[in-house]
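**Q** The structure follows.
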Amino acid sequence: MLRCEGAGRGRVFGKRRGDRLPSIRMTSSGKGSGLVVEMGFRVRYADTDQMGRAYYAAYFVWFEAARGAFCRVLGFSYSDLEEAGVFLPVLRTTCRYLRPLVYEEKAWVAVRLVDCRSRSLLFSYEILTEEGHRAAEGDTYHGFLDRSGRLVRCPSPFRERMQQVVVNPAGGRPVRRIRLSETDDAQEAWRMGS
């Protein structure tokens, strides 16, 4: 259960019927291990252009879906942040297209949190084919905003949870990978050690 004392004034999160906030395994140094969440998807007809290849904007939708799953694995959702009066818009995004995806192709999007500051986050993504070839890579940079659009500090329960799973691109921390299909329950996958 996360308790927010900032904008949410004592609002309790993660206390839905049957909900248990997953624990984050600690390493011997007392810091959590990094986390990579991989989410499976199939390229839909609506995701393609006239040539039958994935339209460039579809990649950002897949990034968003993986980011939502990442948060759910940690035990909260975007709506929990919004209920606390904090919003997390994308301020900058990039995508480098390496190999086209085609209609009905199965693929995976992997997301990791690479920077977590008091007022911003940086997520990194890879889209991989079913055979493991990289199709795209990108990132999204987010700021924490209040309802009026001002930059604010992330409520500490959320920030603390996220700081425990930051993946340092230079390495040095063990990384836990969780692979989800489109229908997997993210919190259940964490508990089962997928």
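The values are calculated or read from the model by the stated rules, or taken from the named source; none is laboratory data. None of the values given here were measured: they were computed from a predicted structure. Glycine also receives a Cβ, built like all others from the backbone with ideal geometry; neighbour counts cover every protein chain displayed. When the accessible area is computed, the model is the full protein with side chains, heavy atoms only, and any ligands, DNA or RNA have been set aside. Shrake-Rupley method; radii C 1.70, N 1.55, O 1.52, S 1.80 Å.
**Q** Pull up the range 50-66, narrow it to residues that are small (Gly, Ala, Ser) and open to solvent by less than 20 Å² (accessible area, probe 1.4 Å), then point me to the one that is farthest from Val152 (Cα to Cα). It would help to see each step written out before you state the result.
**A** Start the filter on the range 50-66 by keeping residues that are small (Gly, Ala, Ser), which leaves 52, 54, 57-58, 65-66.
Then keep just the ones that are open to solvent by less than 20 Å² (accessible area, probe 1.4 Å); that gives 54, 58, 66.
Details: Ala54: 36, Ala58: 30, Ala66: 24 Å.
Among residues in the range 50-66 that are small (Gly, Ala, Ser) and open to solvent by less than 20 Å² (accessible area, probe 1.4 Å), the one farthest from Val152 (Cα to Cα) is Ala54.
**Q** Now for a different question. So which residues in the range 67-86 are farther than 14 Å from Ser124 by Cα, aromatic (Phe, Trp, Tyr) and open to solvent by less than 60 Å² (accessible area, probe 1.4 Å)?
**A** Phe76 - this is the single residue of the range 67-86 that is farther than 14 Å from Ser124 by Cα, aromatic (Phe, Trp, Tyr) and open to solvent by less than 60 Å² (accessible area, probe 1.4 Å).
**Q** Working only within the range 118-127, note down all residues that are surrounded by 14 or more Cβ atoms within 10 Å (Cβ to Cβ) and free of Cβ contacts under 8 Å to residues at least 40 places away in the same chain.
**A** Within the range 118-127, Ser120, Leu122, Glu126 qualify.
**Q** Now for a separate question. Going through the range 39-96 one residue at a time, which ones are on the phi > 0 side of the Ramachandran plot and out of contact with any Leu (no Cβ under 6 Å at 6 or more places or on another chain)? Break it down stepwise before answering.
**A** So in the range 39-96, the residues on the phi > 0 side of the Ramachandran plot come out as 52, 75, 85.
If the condition is that a residue be on the phi > 0 side of the Ramachandran plot and out of contact with any Leu (no Cβ under 6 Å at 6 or more places or on another chain), then Gly52, Gly85 are the ones that fit.
**Q** Considering only residues that are among the hydroxyl-bearing types (Ser, Thr, Tyr) and either part of a strand (DSSP E or B) or modelled with pLDDT of 95 or more (or both), look in the range 103-121 and name the one that is nearest to Gly68 (Cα to Cα).
**A** Just the residues of the range 103-121 that are among the hydroxyl-bearing types (Ser, Thr, Tyr), to begin with: 103, 118, 120.
Okay, now just the ones that are also either part of a strand (DSSP E or B) or modelled with pLDDT of 95 or more (or both), so 103, 120.
Values: Tyr103: 24, Ser120: 16 Å.
Out of the qualifying residues, it is Ser120.
**Q** Quick one: how many residues across the range 72-107 are of a type outside the set (D, E, K, R) and free of Cβ contacts under 8 Å to residues at least 40 places away in the same chain?
**A** Let us first name the residues in the range 72-107 that are of a type outside the set (D, E, K, R), namely 73-79, 81, 84-91, 93-95, 97-98, 100-103, 107.
The next check asks that each one be free of Cβ contacts under 8 Å to residues at least 40 places away in the same chain; those that pass are 77-79, 98.
Looking only at that region, the number is 4.
**Q** Does the range 144-160 contain any residue that is assigned to a strand (DSSP E or B) and open to solvent by less than 50 Å² (accessible area, probe 1.4 Å)? Outline the logic, then answer.
**A** We begin by selecting, within the range 144-160, every residue assigned to a strand (DSSP E or B); these are 145, 151.
Filter again for open to solvent by less than 50 Å² (accessible area, probe 1.4 Å), leaving 145.
Scanning the range 144-160, I find at least one residue that is assigned to a strand (DSSP E or B) and open to solvent by less than 50 Å² (accessible area, probe 1.4 Å), so the answer is yes.
**Q** Out of all the residues in the range 39-47, is one or more buried (at least 22 other Cβ atoms within 10 Å of the Cβ), under 30 Å from Leu151 (Cβ atoms) and in contact with a helix residue (DSSP H, G or I) (Cβ under 7 Å, 6 or more places away or on another chain)?
**A** yes
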